[in-house]
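Trainee: Provided herewith is a single structure, encoded as structure tokens, for subsequent inquiry.
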Amino acid sequence: MMESPTYGNRPRVLIVDDEPSICKALEIALGRAGFEAIATRCGEAAITKLSTEHFDALLLDLRIPDMRGDVLFELAVAHQPHLRTQTLFITGDITDHAQELIEACGCPFLLKPFNLADIFDTLHAMTPRVHHASA
């Protein structure tokens, strides 16, 4: 059973990236920026979390070993429909095909290496109701 959101708390962000250093850095940085950040390094673990816990936003690498990011995005939206408009892709893949996959999802994306301020700004914009409720 999925935990229901508590809008008085910090916005919850699920990070999905196969690079341990990026996961750890984002967990720390997002925590300091007012988010509750939880990281997973594979699609299967992300789906398990999405089926049992509420997340206000999804920060998703396009390339993870067990599942393409666009496929994981569709599965995430099936569990939590609001993530269709509250997902930010991050990728080091700058090919036309990668950009087409992300654009088909209709989500913003940032290229690696990214600027943390850009991630904070985008996630704050995606979760205004949660931030407002906790203010």
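Trainee: Which part of segment 33-64 falls in the paramagnetic zone of T85, meaning amide N under 18 Å from the point 7 Å along Cα-to-beta-carbon?
Mentor: It comes to 55-59, nothing else.
Trainee: Pick from T85, T48, T122: which residue has the top mean-square fluctuation in a GNM of the chain where Cα pairs under 10 Å get a spring?
Mentor: T48
Trainee: Among (1) 40, 33, 26; (2) 38, 38, 26; (3) 150, 16, 14, find the value of Cα extents along the principal axes in Å that was calculated from the structure presented, and write down its label.
Mentor: Read-out from the structure maps to (1).
Trainee: Okay, next question. Looking only at the chain, where both bridge partners belong to it, what percent of the DSSP beta bridges are antiparallel (to the nearest 5)? Before the final figure, lay out each step's value.
Mentor: Working: 2 of 18 bridges.
In the chain, approximately 10 percent of DSSP beta bridges are antiparallel ones.
Trainee: To continue, here is another question. Which value, in debye to the nearest 20, describes the size of the charge dipole of segment 12-130 about its Cα centre when Lys and Arg Cβ atoms bear +1, Asp and Glu Cβ atoms bear -1, and nothing else is charged? Could you put the intermediate results ahead of the total?
Mentor: Values: 10 positive and 18 negative charges, 77 e Å.
The dipole of segment 12-130 has a size of about 380 debye.
Trainee: Within segment 30-50, name every residue whose backbone N is under 16 Å away from a label modeled 7 Å from Cα of D93 along the Cβ vector.
Mentor: Counting only backbone N, you get 42-44.
Trainee: When ranked by the protection proxy of mean other Cβ atoms within 10 Å per residue, highest first, what sequence do the peptides 94-100, 16-22 form? Write out the running numbers ahead of the final one.
Mentor: Working: 94-100: 11.4, 16-22: 17.1.
With the highest mean Cβ count within 10 Å placed first, the list reads 16-22, 94-100.
Quick note: the coordinates plus some simple rules give every number you see, no bench work behind them. Predicted model, so just to flag it, every value in this text is computed and none were measured. Cβ coordinates were reconstructed from backbone atoms using ideal geometry, including for glycine residues, and neighbour counts include every protein chain displayed.
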